[in-house]
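Here's the structure, in structure tokens; my notes come after.
Every number here is computed from the coordinates shown, using simple stated rules; none is lab data. Treat the numbers as computed from the prediction; the structure is a model and nothing was measured. Backbone-built Cβ (ideal geometry, glycine too); neighbour counts: all protein chains shown.
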Ligand code: HEC
């Protein structure tokens with residue numbers, strides 16, 4: 001019921017955004033205080049109920065502490081960083097990986113849409129591309145008075161509303177993207193509290209086995225080098241046999257079905273290679289090269 005009320009609120013926010021005329025400071029008091037509080041806080045602990053309007057609830061527990069320590073628990077597992085090592089536990093397979101902490105870990109784990117309002121705890125510029133913000137109406141959330149602050153990003157692909165309490169801290173938010181329509185509410189919330197050391201100490205859940213982390217994505221340059229050697233000149237820009245041009249990143253990912261990002265098995269390139277059809281008239285590609293192409297596609301077929 002609460003969520004429904006908030007959704008109505010989100011619609012009202014969207015209407016508010018349209019009528020907003022940019023005047024005064026780009027970021028209003030509500031957001032600035034929130035950012036300052038998050039940046040100054042030594043710790044943050046919250047339990048967040050996230051409702052995606054297009055389907056499903058999830059509960060996420062987070063504990064953040066400086067430097068680079070975090071634990072993010074979801075129904076299907078958790079990610080934990082003690083600042084030196086990152087552990088990722090998956091409940092479904094009862095397994096975990098561990099690898100040395102790297103700054104990307106923070107970005108990957110903390111910069112999640114479901115944690116939108118609180119990402120700024122670690123990432124100073126998380127709310128930096130907000131171009132407009134305007135105060136909306138006040139309401140009571142879980143017995144706490146909050147003020148809605150509507151945010152808009154320049155490309156208008158994302159609109160958001162922070163639900164800011166009287167201390168100026170976001171206790172929840174709404175977020176609309178082309179894919180998601182989220183309402184997040186902190187059911188428990190504590191800023192600056194003492195978190196016991198054990199919060200960030202990894203203890204393997206009973207029966208969990210350690211597995212090797214998935215290989216990191218090969219660089220596209222490695223993939224192009226394989227195409228250059230094994231597939232060109234038959235699949236060059238000027239001589240694209242079968243309509244398949246493998247001479248550049250854009251041509252490779254832009255070709256119909258040649259590459260299905262994240263899904264090597266559905267990618268025509270992989271099928272052609274695995275079946276031995278390609279490279280036509282030459283020997284099969286060495287397995288290490290096949291792996292490079294497959295892993296690159298699996299990791300999202302990124303340009304770098
Ligand atoms: C000697 C020339 C030649 C080489 C080398 C070659 N191809 Fe092809 N490829 C062709 C021709 C010709 C076609 C058109 C369909 C056919 O005749 O089999 C084709 C078609 C394709 C197709 C689309 C049809 C299918 O079979 O799925 C894909 C994908 C493809 N090639 C990928 C590759 C990749 C990847 C390489 C390098 C690892 C490669 N090819 C190397 C000549 C070549």
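Can you pull a Stokes-Einstein diffusion coefficient for the range 171-304 at 4 °C (1.567 mPa s), Rh from Kirkwood over Cα pairs, as a whole number of µm²/s? The diffusion coefficient I find is 70 µm²/s. Here each label is just a point 7 Å from Cα along the line to Cβ, and for residue 125 and residue 271 those points are 4.2 nm apart. Inter-label distance, residue 135 to residue 101: 3.8 nm, where each label sits 7 Å from its Cα along the C-beta direction. Taking each residue as 0.36 nm, the span from residue 222 to residue 39 lengthens on full extension beyond its C-alpha to C-alpha distance by 61.9 nm.
Between residue 256 and residue 177, the simple label model (points 7 Å from Cα in the Cβ direction) yields a spacing of 3.1 nm. Against the main long axis of the alpha-carbon atoms of the chain, helix 287-298 sits at an angle near 30°. Of the three principal axes defined by the Cα atoms of the range 92-243, the extents in descending order read 67, 45, 27 Å. Computed from the Cβ-Cβ distance with R0 of 30 Å, the FRET efficiency linking residue 280 to residue 210 stands at 0.10.
Protection proxy ranking for 254-262, 72-80, 205-213, using the average of other Cβ atoms within 10 Å per residue and placing the highest first: 72-80, 254-262, 205-213.
Does the range 220-298 come out rounded, prolate or oblate, given a ≥ b ≥ c as the square roots of the eigenvalues of its C-alpha gyration tensor, rounded meaning a/c under 1.5 and, failing that, prolate meaning a/b above b/c?
Verdict is rounded for the range 220-298.
In nm, what is the difference between 0.36 nm times the number of residues separating residue 94 and residue 145 and their Cα-Cα distance?
Between residue 94 and residue 145, full extension yields 14.3 nm more.
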